[in-house]
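A.B. asks: A single structure is presented below for examination.
Read-outs throughout are calculated quantities, based only on the coordinates presented, and are distinct from any laboratory measurement. Source: prediction; values computed, not measured. Note that we place each Cβ from the backbone using ideal geometry, even for glycine, and neighbour counts take in every protein chain shown.
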Amino acid sequence: MKKVVIFDFDYTLGDSTEGIVQSINYASGRMGIESPGKDKIVKTIGMSLAKTYEALTGKNNPQEIKTFEKYFKEKADEVMVSNTSLYNGVAKMLENLHSRGLKTAIVTTKYHYRIEQILKVNNAVHLVDAIIGCEDVRLPKPAPEGIFKIKEQFNASLEEILYIGDSLVDAETAQAAGVDFTAVLTGQALRNEFEKYPYASIINKVTDLG
């Protein structure tokens, strides 16, 4: 019996593509780096900013990453919320989970306050019981720290938690935490890629949960 349903955000509950592309292009420009292009950027969505920088540049210089994160956040504070939308039916799906007595949470590589802003403009703050953002953990996904924090907050066992996400990072996070995983196919990962990981189910979109 599940007690808590934890969601990733990007490409699971909503779409922030345009805000992310604008923020990465801005950060790249400020650092004198050629824009990697939308196609490459999209493949990094869901990664931490450090991993994103490494994937896009092939470099992992700590000072450069810190600068990249600074410029990304600077632009994201301007454009991210207005360029993010929840998928159709997400609010109703969250309401249905609550009506069944389940707790809902988000564990994301986005900033905690950013998720709060997005939920607020979508009148959905009351539908999410807990948020763990990148600033709330020492290590980002696929480290399981965020899931463990939710586990403690709701006094749940690992068996009582379901984690839902769209990326292989999410599959790895659930595996590392030892919780059941449901994959959604609204991101970049394909069904046959998810099938290489432990999973409870693979669904086309998050609203298929009911």
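A.B. asks: Over the chain, with a Gaussian network built from C-alpha contacts below 10 Å, which listed residue (Val107, Val137, Val128) shows the highest mean-square fluctuation?
C.D. replies: Looking only at Val107, Val137, Val128, the biggest GNM fluctuation is shown by Val137.
A.B. asks: Just to confirm a number: summing +1 for Lys and Arg and -1 for Asp and Glu over residues other than Thr182 whose beta-carbon lies under 12 angstrom from that of Thr182, what do you get?
C.D. replies: Numbers: positive: Lys2, Lys205; negative: Asp8, Asp166, Asp170, Asp180, Asp208.
That works out to -3.
A.B. asks: Just the number, please: Stokes-Einstein D of the stretch 17-82 in µm²/s, Kirkwood Rh from C-alpha pairs, 20 °C, 1.002 mPa s.
C.D. replies: Calculated translational D: 186 µm²/s.
A.B. asks: Based on the alpha-carbon gyration tensor of the stretch 128-208, what equivalent-ellipsoid semi-axes (square roots of 5 times the eigenvalues) come out, in whole Å, largest first?
C.D. replies: 21, 13, 12
A.B. asks: Another question, then. What is the extension gain from Lys40 to Glu95, computed as 0.36 nm multiplied by their sequence separation minus the C-alpha to C-alpha distance, in nm to one decimal?
C.D. replies: Numbers: separation 55, 0.36 × 55 = 19.80 nm, distance 3.49 nm.
Gain in length upon complete extension: 16.3 nm.
A.B. asks: Still on this structure: Please check: in the Gaussian network model of the chain (C-alpha springs, under 10 Å), which one of Lys43, Lys92, Lys196 has the largest mean-square fluctuation.
C.D. replies: Checking each option, the largest mean-square fluctuation is seen for Lys196.
A.B. asks: Here's another thing I want to ask about it. Taking the Cβ of Asn25 as the center, what net charge do the other residues with Cβ under 12 Å away carry, scoring Lys and Arg +1 and Asp and Glu -1?
C.D. replies: Details: positive: Arg30, Lys38, Lys40, Lys75; negative: Glu18, Glu34.
Residues near Asn25 contribute +2 overall.
A.B. asks: Let me ask something additional. So which residue, out of Ser99, Ser82, Ser167, gets the largest mean-square fluctuation from a GNM of the chain using Cα contacts under 10 Å as springs?
C.D. replies: Looking only at Ser99, Ser82, Ser167, the largest GNM fluctuation is found for Ser99.
A.B. asks: Pairs Lys73/Lys151; Lys43/Lys151; Lys3/Lys40; Lys70/Lys141; Lys70/Lys103; Lys120/Lys149: which exceed 26 Å Cα-Cα? Don't jump to the answer; show the numbers that get you there.
C.D. replies: Working: Lys73/Lys151 29 Å; Lys43/Lys151 29 Å; Lys3/Lys40 37 Å; Lys70/Lys141 20 Å; Lys70/Lys103 33 Å; Lys120/Lys149 23 Å.
Over 26 Å Cα-Cα: Lys73/Lys151; Lys43/Lys151; Lys3/Lys40; Lys70/Lys103.
A.B. asks: Here's something else I'd like to know. Could you name the aspartates and glutamates whose alpha carbon sits less than 16 Å from that of Lys51, not counting residues in the same chain fewer than 8 places away?
C.D. replies: Qualifying aspartates and glutamates at Cα under 16 Å: Asp10, Glu64, Glu69, Glu135, Asp170, Glu172.
A.B. asks: Right, another one. Under a Cβ-only charge scheme (Lys and Arg +1, Asp and Glu -1), can you give me the dipole magnitude of the stretch 69-210 about the Cα centre, in debye to the nearest 20? Kindly include the intermediate steps, with their values, before the conclusion.
C.D. replies: Working: 16 positive and 20 negative charges, 43 e Å.
Charge dipole of the stretch 69-210: 200 debye, to the nearest 20.
A.B. asks: On to the next question. For the chain, what D do you get in µm² per second when you plug the Kirkwood radius from alpha-carbon pairs into Stokes-Einstein at 10 °C and 1.306 mPa s?
C.D. replies: Values: Rh = 17.3 Å.
Calculated translational D: 92 µm²/s.
A.B. asks: For Lys70, what is the net charge nearby, where nearby means another residue's Cβ is under 12 Å from its Cβ and Lys, Arg count +1, Asp, Glu -1?
C.D. replies: Details: positive: Arg30, Lys66, Lys73, Lys75; negative: Glu64, Glu69, Glu74, Asp77.
For residues surrounding Lys70, the net value is 0.
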